1. Within the stretch 177-189, is there a residue that is closer than 20 Å to K101 by Cβ, more than 12 Å from the chain's Cα centre (by Cα), acidic (D, E) and modelled with pLDDT of 90 or more?
2. Which of the residues that make up the stretch 164-197 are in a strand (DSSP E or B) and either of a type in the set (F, W, Y) or touching a Phe, Trp or Tyr at 6+ places or on another chain (Cβ under 6 Å) (or both)?
3. If you scan the stretch 175-213, which residues turn out to be surrounded by fewer than 19 Cβ atoms within 10 Å (Cβ to Cβ), hydrophobic (A, V, I, L, M, F, W, C) and in contact with a strand residue (DSSP E or B) (Cβ under 9 Å, 6 or more places away or on another chain)?
Amino acid sequence: MRCSDIHFSASRGHNPSHFNGMESNSITEPTTTSDVVDAYFSHLSVVDQVQNDAKVKFDCLMDLNLKPYGGAFDRTSFFRGEITTIKCFENNPLVRETLTKESGLNRVLVIDGGGSRRCALLGGEIAKIAEGNQWEGIVVNGCIRDTNEMRWCGLKIPILAVGTSPVPSSKRDPGVKDPKFGVTFGGVNFKSGSWVYADCDGVLVTREKGPLV
């Protein structure tokens, strides 16, 4: 199968037990998205497969060029966890509240900011608190800022985002947390309760709730 035929998506969790018994190249714990794809290749969605194909277990994000920031600058960084979603546009109250007030253990926050490049949905201050709250990683369909600060502080939390902007977001509209039908960008639907596996190579998203088993 050619690489162009694969419909792709990308995580750092703590409990590797759900990876036991992978189909091929059996590994106890994956360290890259390539490990996950190699082990579950027959369950990866392909462009010409119907969306309700029961055989397909996860999708791969390929229509969006996410760049690595924070701990994701380290090309060995791999993160995974249960998805929590936020849909917002150029406003970040829910982003701040979720990352700074909730435990992120085994969780990844996926933010759909509509791909806007006009302002940043999070910066160094929020990222630092999120790391302290043990968030596994953050995926942003939008921009972030304070990337130099993140480097200087040595933040380890991996962040994938469309780009950067020095302009802060508005606080008027909080947005929506965990919308019923999830959020969709890059050709992939991210639903709260599903799992994401990500690194600099890509983003993999399970179609059903729970990790790959």
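The values are calculated or read from the model by the stated rules, or taken from the named source; none is laboratory data. Fair warning: this is a prediction, and the values are worked out from it, not measured in the lab. Methodologically, a virtual Cβ is constructed for each residue, glycine included, from the backbone with ideal geometry; neighbour enumeration extends over all protein chains shown.
1. Yes, the stretch 177-189 contains at least one residue that is closer than 20 Å to K101 by Cβ, more than 12 Å from the chain's Cα centre (by Cα), acidic (D, E) and modelled with pLDDT of 90 or more.
2. Of everything in the stretch 164-197, those that are in a strand (DSSP E or B) and either of a type in the set (F, W, Y) or touching a Phe, Trp or Tyr at 6+ places or on another chain (Cβ under 6 Å) (or both) turn out to be V183, F185, F190, W195, Y197.
3. V176, F181
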